[in-house]
1. Given the condition over 23 Å from B:D5 (Cβ atoms), modelled with pLDDT of 95 or more, touching a strand residue (DSSP E or B) at 6+ places or on another chain (Cβ under 7 Å) and of a type in the set (F, W, Y), answer yes or no: does some residue in the stretch A:33-48 qualify?
2. With (1) open to solvent by 30 Å² or more (accessible area, probe 1.4 Å); (2) at the interface with another protein chain (Cβ under 10 Å from one of its Cβ atoms); (3) not in a loop (DSSP other than H, G, I, E, B) as the list, and A:V44 as the residue in question, which single condition is left unmet?
3. What are the residue pairs meeting all of these: first residue in the stretch B:1-25, first residue in a helix (DSSP H, G or I), second residue open to solvent by 70 Å² or more (accessible area, probe 1.4 Å) and at pLDDT 95 or above, Cβ atoms under 8 Å, and 6 or more apart or on different chains?
4. Please identify the pairs in which a residue from the stretch B:72-87 that is touching a residue at least 24 places away in the same chain (Cβ under 8 Å) and farther than 16 Å from B:M47 by Cβ has its Cβ atom under 7 Å from the Cβ atom of a residue that is of a type in the set (D, E, K, R) and open to solvent by 30 Å² or more (accessible area, probe 1.4 Å), counting only partners at least 6 apart or on another chain.
5. Would you mind listing the strands (runs of 3 or more DSSP E) fully within the stretch A:69-151 where at least 2 residues are open to solvent by less than 20 Å² (accessible area, probe 1.4 Å) and at pLDDT 95 or above?
6. From the list A:V70, A:V76, exactly one residue is within 25 Å of B:F94 (Cβ to Cβ) and among the aliphatic types (A, V, I, L, M). Which is it?
7. If B:T126 passes every condition in (1) in contact (Cβ under 8 Å) with a residue 12 or more places away in the chain; (2) more than 25 Å from B:L33 (Cβ to Cβ); (3) β-branched (V, I, T) but one, which one does it miss?
8. Considering the stretch A:14-36 alone, what residues qualify as being open to solvent by less than 20 Å² (accessible area, probe 1.4 Å) and farther than 22 Å from A:V143 by Cβ?
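The values are calculated or read from the model by the stated rules, or taken from the named source; none is laboratory data. On a predicted model such as this, the values are computed, not experimentally measured, just so you know. Here the Cβ positions follow ideal geometry from the backbone for every residue, glycine too, while neighbour counts run over all protein chains shown. Remember, those area values only see protein heavy atoms, side chains included, never the ligands or the DNA or RNA. Shrake-Rupley method; radii C 1.70, N 1.55, O 1.52, S 1.80 Å.
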Protein chains: 2
Amino acid sequence: MPKIDLAAVPVREGAGYPPPFDAPCAGRTRRRLGNAGGLGDFGVNLMTLPPGGWSSQRHWHSHEDEFVYVLAGELVLVEDAGETMLRPGDCAAFPKNSGDGHHLVNRGTADAVYLEVGSRQPDDLTTCSDIDMMSANADGRFVHKDGTAYD
Amino acid sequence: MPKIDLAAVPVREGAGYPPPFDAPCAGRTRRRLGNAGGLGDFGVNLMTLPPGGWSSQRHWHSHEDEFVYVLAGELVLVEDAGETMLRPGDCAAFPKNSGDGHHLVNRGTADAVYLEVGSRQPDDLTTCSDIDMMSANADGRFVHKDGTAYD
C-alpha cells in the first residue's frame, strides 16, 4: 500500500545535538515519511516547530541537496545574508556545498509545519555556521570542528 | 536566495507522450521547484490536475524512488490492487522497481494540487502498466515496449 498511514509513523521529538545546542530544537517533531514508505534515495520528513522552536542549528551540507515546503504557520529562514519570511505555500532550496548555512525559526504564535526533503550521500559532512560543531554521515556523531568529541 | 520565487517558475502544461496517450494529461501543469532552486540530486515538482485529469499514464520506475504529498483537492491513486483516495495531508511513496504501476486521477470537481518528489538516476526505465509504452532516462523518448518508435 503506497499510501502512508501517518498515524503509524513514529514521532521523533528534539535533536540529537550535545547540550546546550539541542535546547532550541527540543520541541521539534519529525515524522520520517519517506522511510515509512520504504524509500532509500531521499528522505521526506514532516516537521513541526512550536513557537520559538528552531529547525536545527544553522548548517550546510557538503554532499546533500535540501528542500523545504511550508504547510502551516510562519517560519523565518536565516542565512548569511539575513532573514526571509516563509509562509504556507512558500518553499526554499539549499544546493549542496554552498557554504551558506541555513535554518528555520518559528517566531510566530502557532505551530509551524513543513516538509523537508534531502538526498542521502554517505560522504556528506554537515557544518554548523554559528557554533563549533560538525557531523559526518559516516558515523553520525556531532563533534567539534577539529574532530574532537563533545563530552 | 534560497526562497523560490514561484511566480518566476515556468509552468509546463501537458505531458510529452505520443497521442493518444497525452490526452488524459493535457490539463496537467508542472512547476519544477527543485530545478528552480538549483537542486540536482532530486526533483520536486508542484503539480496541478484539473477535474478529470491524470498525473501520468500508470507506470513504475526501475531505478527511481517517487513520493507525492497532496496539498489541495482529491486524488484517486490507482495501482494493481485497486484504488485509494488521497486528500490534503495524505502522502504516498513508490519505491523503485516495485513492478506495480501507479498514477493519480482527479475525479473531483476542483483542481487537485500536489508535490511530487523523485530521485534522478541515469539508468532509470519507466514502464507503463496499461499501455505499450516505456521510456529510458538515457534518451527520454517514449517508445513501444519492444523499443520501436511511435510515429
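1. Looking through the stretch A:33-48, at least one residue is over 23 Å from B:D5 (Cβ atoms), modelled with pLDDT of 95 or more, touching a strand residue (DSSP E or B) at 6+ places or on another chain (Cβ under 7 Å) and of a type in the set (F, W, Y).
2. (1)
3. Close Cβ pairs (under 8 Å, with a partner that is open to solvent by 70 Å² or more (accessible area, probe 1.4 Å) and at pLDDT 95 or above) amount to B:P24/B:W54; B:C25/B:W54.
4. From residues that are touching a residue at least 24 places away in the same chain (Cβ under 8 Å) and farther than 16 Å from B:M47 by Cβ, the pairs are B:D80/B:D100.
5. By residue number, A:75-79, A:91-94, A:103-105, A:112-119.
6. Numbers: A:V76 fails: within 25 Å of B:F94 (Cβ to Cβ).
The unique qualifying residue is A:V70.
7. Tallying (1) in contact (Cβ under 8 Å) with a residue 12 or more places away in the chain; (2) more than 25 Å from B:L33 (Cβ to Cβ); (3) β-branched (V, I, T), B:T126 fails exactly one: (2).
8. Once the filter is applied, which keeps residues that are open to solvent by less than 20 Å² (accessible area, probe 1.4 Å) and farther than 22 Å from A:V143 by Cβ, the stretch A:14-36 yields A:L33, A:G34.
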